[in-house]
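The values are calculated or read from the model by the stated rules, or taken from the named source; none is laboratory data. In this text, all values refer to a predicted model and were calculated from it rather than measured experimentally. Methodologically, a virtual Cβ is constructed for each residue, glycine included, from the backbone with ideal geometry; neighbour enumeration extends over all protein chains shown. Calculation scope for accessible area: heavy atoms of the full protein, side chains included, ligands and nucleic acids excluded. Shrake-Rupley method; radii C 1.70, N 1.55, O 1.52, S 1.80 Å.
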Amino acid sequence: MASRIAFLLVFTACAIAAELAPPVDFSQIPGPLKIVSPCSPRKPWTVAGERGALLGRQNGEFEAWLWPVKILSHFRIRAELADYPVPIDVNALAAEMEVTPAETILTYSHAAFTIRQHMFAVRGAEAAATGAAVFFEIESIRPLHLTFSFVPEMLRMWPAPNFGRPNGEWRPEGNSGFYILHTDDPKFSAIVAMPRTRPGILVPYQEHPQTYPLELTLHYDPARDHGLVFPLILSMLDKRSPSDTVAAINEQIPQLYRRTLEYYAHFFDNRLVVESPDTHLNAAFAWAEIAIDQAQVMHGDETGLVAGYYESADSARPGYAWFFGRDTLWTAYAINSYGDFALTRRALDFLIRRQRADGKIMHEYSQAADAVDWAATPYFYASADATPLLVMAIEDYVNTSGDTDYLKRHWEAVRKAYAFTRAHESNDGIYNNSQGTGWVESWPGGMPQQEIYLAALDQQSAEAMSRLAQRMGDTQLAGAARRKADEIRAKIAAEYYDSSTGFYAFSRAENGTPDRTATIYPSVAWWTGTFSLPRADGMLTRWASEEFSTDWGTRDISERTAFYDPISYHQGSVWPLFTGWVSLAEYRAGRPLSAYAHLMQNAGLTWTQDAGAVTELLSGRFFEPLGRSSSHQTWSSAMVISPLLRGLFGLAWDAGNRTLRLAPQLPANWEHARLRNVPLGKSSIDLTFDREAGSWRVRAAAKSPEVFCLAPQSAPEQPCRKEFSAPAKPVEIAIPAALPREGSDTRQLKILNETYSAHTATFTIEAWGGSRYDLPVRRNRDHVTVRGAELVGDKLHLEFPASDRYERKTIEFHW
């Protein structure tokens, strides 16, 4: 925006004010990190930060929160143009939306005027006067009368009690004024203002009682007002006078805007950046980091991670904008991967401060929890999985950051969490659901007693505990935890595996009876890279097939299940979280093509609904988010980052030994890639990947002299070095990776399996009947021939028999 644009000072007749920040240099931001699209009125957007949020639709209507209070909702605009005698619904003119990390801009376009609605959540300011702000940039060929209407809400977030319907008192001052939103509690009020505006409807007491929206009316004269912007001022009323509050915020908004721009201009100075041939993937990765960062919310003097955002409609629940244990802990792996260790510590500290006396980790905590007896609600410790996840996440933090001091400070909390899992075992010695839900919150036939999801977390938690205890010098606990991990590993393989189907059961009853429902929940066994399930080939193949895999992600259960419901919460919908679990499991199991397809589905969702964020869940039948899906879901964005860095690039950290281990599985059509700012303890490393004579040459460089080592995961005992070669597969194929059109059913190609032997590579592929593909092929050996398809130059030509279902082919390469 041109620096000539100035903010109006409240209650003054002149147009001189502090100027907006000059243009900020965004050249260091990967991207371009800008999403520009025509407005789709039904789609949501989110502008969120530590102190507040604006949540709305692409027609421009929004609700405003100053955490944890919803100040207003249904903010809309209408216009009257001079000598143009027809009312104009400005929201119906929403034409274009531009999303950057720092702000979202909606453009309303009319033949006679343009209005740009700028929205930002304050970042980079230690003591901000407001949490979210809006300002309007107006251009018009004639004088324009604008009416900004809204519904006053003054609702504290669920489940806090509230203080009746607010009323708006117009407080005139000078040539303008402001609204004070009063409630039945005289200490609980807010201010809504805009310079140069006057009130709209003010119902006299004699009038029949009825409810109208509050209105701010503005007369815009292009001859007088061109180049000005008009801020919407939102604030809770504090000890200052209302007039002083409005004036202070109006004066601060330019500085808050500047600081927010600068915060994001430097966001990637120390966070990991992906530079690959796929600019779409690079941008999705960067947006995922931004989306996670915007899930930070202040709660008193603490900062925690909330689960997600969405409009609250007539409720006081803005999506899942409160603090969740397991959401934070699954997301922590992504945060550790891109190196924001301070954020990880803040998020972990939030959970540890609320650890129950017996060691259990919280499930959820409302932003308004302090207003009620939260401990008496059923929500605080509702789930069982956050407790083993805490042990796993702290080990991952120590592995990536090398921060053993943090472990020492919180060792008692880690010990108590592990002890809690050991105190609540089934008869087989594995942690169970008796202390809360594992994954599912409802299940046909009754809730499970012990899910494989919890059992797999218990095994990885026990392994993590054995290594953490060894670091802390507690050899007795280390040995006991190691034995427990080995015991659980063996029992899962024996008790959950069904040899008749080649699949692992969903759960087991107390008497040992398994629930054989085919699900993706066993995929979490591969999460940390220290555990996996034996005899899993058949299960992995089914996950990759259309039985589980849609063209936009993986369903949690097989579509062949009797109670499969594609729009249910737990019995057939697609969660990007599940897709991320499966993708990383496939990478670790040596199935990079299906893993890549699933990774790219999550990445593509960045542009699907809430631009720059990934939604919570979608239909298992058609490519469409569920209507109640939180459109900006934190762990969904995390599932772009973790499979990409830990799967495709194969990063594994050992910061304590200054070692970074890699197992890259890069796509066939990549020649080069680079990772900037890879964290390793306190160091920041740049990695480059270059194809050289049938292999990948991996090189590392630090910005300052550093002692560190690179090592392939396949040969971790090799001597310390800063580069190595990783052999490429003898034959590689590339697959298309684009989401379908909205509303589509599943029709895309699936790679079910890929195996290699000394002179053979075999691929099992399925595609919709009658489809044809020409897939790029890279031959890293001489004299390559193929069976089951045709090699035409550097393309693999595939044709599938005509039918109305998926058809399979087996392709064999020989050399």
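Of all residues in segment 561-614, those that are hydroxyl-bearing (Ser, Thr, Tyr) and surrounded by 24 or more Cβ atoms within 10 Å (Cβ to Cβ) total 7.
The number of residues in segment 369-394 being in a loop (DSSP other than H, G, I, E, B), closer than 23 Å to Trp67 by Cα and open to solvent by less than 10 Å² (accessible area, probe 1.4 Å) comes to 0. Taking the criterion of being surrounded by fewer than 18 Cβ atoms within 10 Å (Cβ to Cβ) and closer than 15 Å to Asp349 by Cα, the residues of segment 408-421 that qualify are Lys408, Arg409, Trp411, Glu412.
Note on segment 77-106: residues that are under 34 Å from the mean Cα position of the chain (by Cα), buried (at least 20 other Cβ atoms within 10 Å of the Cβ) and in a strand (DSSP E or B) total 6. The set of residues in segment 701-727 that are open to solvent by less than 10 Å² (accessible area, probe 1.4 Å) and touching a Gly at 6+ places or on another chain (Cβ under 9 Å) contains only Phe708. The residue pairs whose first member lies in segment 415-438 and is part of a helix (DSSP H, G or I), whose second member is acidic (Asp, Glu) and open to solvent by less than 10 Å² (accessible area, probe 1.4 Å), and whose beta carbons are closer than 7 Å, counting only pairs six or more residues apart or on different chains, are Thr421/Asp458; Asn433/Glu451. When you look at Ile138, is it under 26 Å from Cys39 (Cα atoms), more than 32 Å from the chain's Cα centre (by Cα) and β-branched (Val, Ile, Thr), yes or no? It is true that Ile138 is under 26 Å from Cys39 (Cα atoms), more than 32 Å from the chain's Cα centre (by Cα) and β-branched (Val, Ile, Thr).
Checking each residue in segment 359-390 for being aliphatic (A, V, I, L, M) and within 21 Å of the chain's Cα centre (by Cα) picks out Met362, Ala386, Leu389, Leu390. Annotation for segment 112-129: no member residue is in contact with a His (Cβ under 9 Å, 6 or more places away or on another chain) and part of a strand (DSSP E or B). Screening segment 211-236 for residues that are surrounded by 11 or more Cβ atoms within 10 Å (Cβ to Cβ) and of a type in the set (Ser, Thr, Tyr) and picking the one that is farthest from Ala53 (Cα to Cα) gives Tyr220. Scanning segment 188-210 for residues that are surrounded by fewer than 21 Cβ atoms within 10 Å (Cβ to Cβ) and farther than 16 Å from Lys70 by Cα yields a total of 13. Checking each residue in segment 439-465 for being surrounded by fewer than 22 Cβ atoms within 10 Å (Cβ to Cβ) and either polar (S, T, N, Q) or not in a loop (DSSP other than H, G, I, E, B) (or both) picks out Ser442, Gln449.
Count, please, the residues in segment 318-342 that happen to be under 21 Å from Glu616 (Cβ atoms) and either open to solvent by 10 Å² or more (accessible area, probe 1.4 Å) or not in a loop (DSSP other than H, G, I, E, B) (or both). Spell out the reasoning first.
Just the residues of segment 318-342 that are under 21 Å from Glu616 (Cβ atoms), to begin with: 318-335.
Next cut, either open to solvent by 10 Å² or more (accessible area, probe 1.4 Å) or not in a loop (DSSP other than H, G, I, E, B) (or both) only: 319-335.
Going through segment 318-342 one residue at a time, the tally reaches 17.
Of all residue pairs spaced 6 or more apart or on separate chains, those with beta-carbon atoms under 7 Å, a first member in segment 520-531 that is at negative phi and a second member that is at pLDDT below 95 and not in a helix (DSSP H, G or I) are Tyr521/Trp439.
Among the residues of segment 532-552, the ones that are open to solvent by 10 Å² or more (accessible area, probe 1.4 Å) and part of a loop (DSSP other than H, G, I, E, B) come to 5 in all.
Counting only strands (runs of 3 or more DSSP E) that sit wholly inside segment 208-315, those with at least 1 residues that are modelled with pLDDT of 95 or more and within 30 Å of Met362 (Cβ to Cβ) are 228-236, 296-299, 302-309. Right, Ala758: over 30 Å from Pro566 (Cβ atoms) and of a type in the set (A, V, I, L, M, F, W, C) or not? Against the criterion (over 30 Å from Pro566 (Cβ atoms) and of a type in the set (A, V, I, L, M, F, W, C)), Ala758 qualifies.
For residues that are of a type in the set (S, T, N, Q) and open to solvent by 10 Å² or more (accessible area, probe 1.4 Å), scanning just segment 636-660, find the one that is nearest to Ala737 (Cα to Cα). Steps first, please.
First pass over segment 636-660, keeping only residues of a type in the set (S, T, N, Q): 636-637, 642, 657, 659.
Now restrict to residues that are open to solvent by 10 Å² or more (accessible area, probe 1.4 Å): 657, 659.
Working: Asn657: 37, Thr659: 33 Å.
So, considering only residues that are of a type in the set (S, T, N, Q) and open to solvent by 10 Å² or more (accessible area, probe 1.4 Å), the one nearest to Ala737 (Cα to Cα) is Thr659.
Scanning segment 143-173 for residues that are hydrophobic (A, V, I, L, M, F, W, C) and in a strand (DSSP E or B), we see that the one that is nearest to Met194 (Cα to Cα) is Phe148. Going through (1) under 22 Å from Met539 (Cβ atoms); (2) open to solvent by 40 Å² or more (accessible area, probe 1.4 Å); (3) part of a helix (DSSP H, G or I) one by one, Ala493 falls short only on (2).
Name the residue, out of Gln665, Gln633, that is closer than 18 Å to Gly580 by Cα and over 21 Å from the mean Cα position of the chain (by Cα).
Details: Gln633 fails: over 21 Å from the mean Cα position of the chain (by Cα).
Answer to the selection: Gln665.
Considering only residues in segment 661-700 that are among the polar types (S, T, N, Q) and open to solvent by 40 Å² or more (accessible area, probe 1.4 Å), the one that is farthest from Ser714 (Cα to Cα) turns out to be Asn669.
Filtering Leu645, Leu577, Leu593 for residues that are in a helix (DSSP H, G or I), in contact (Cβ under 8 Å) with a residue 60 or more places away in the chain and out of contact with any helix residue (DSSP H, G or I) (no Cβ under 6 Å at 6 or more places or on another chain) leaves a single hit, Leu593.
Quick test for you: out of Thr530, Thr501, pick the one residue that is within 23 Å of Glu425 (Cα to Cα) and not charged (D, E, K, R). Working first, answer last.
Working: Thr501 fails: within 23 Å of Glu425 (Cα to Cα).
After ruling out the rest, the residue left standing is Thr530.
For segment 731-815, which fully contained strands (runs of 3 or more DSSP E) count at least 1 residues that are surrounded by 15 or more Cβ atoms within 10 Å (Cβ to Cβ) and either in contact with a helix residue (DSSP H, G or I) (Cβ under 7 Å, 6 or more places away or on another chain) or touching a residue at least 24 places away in the same chain (Cβ under 8 Å) (or both)? Reasoning before the result, please.
Values: elements: 731-733, 750-756, 760-768, 772-779, 785-787, 790-792, 795-799, 806-814.
Those strands (runs of 3 or more DSSP E) span 731-733, 750-756, 760-768, 772-779, 785-787, 795-799, 806-814.
Within segment 131-142, being open to solvent by less than 10 Å² (accessible area, probe 1.4 Å) and part of a loop (DSSP other than H, G, I, E, B) holds for one residue alone: Gly131. Here is the figure for segment 552-579: residues that are within 14 Å of Arg628 (Cβ to Cβ) and over 17 Å from the mean Cα position of the chain (by Cα) total 5.
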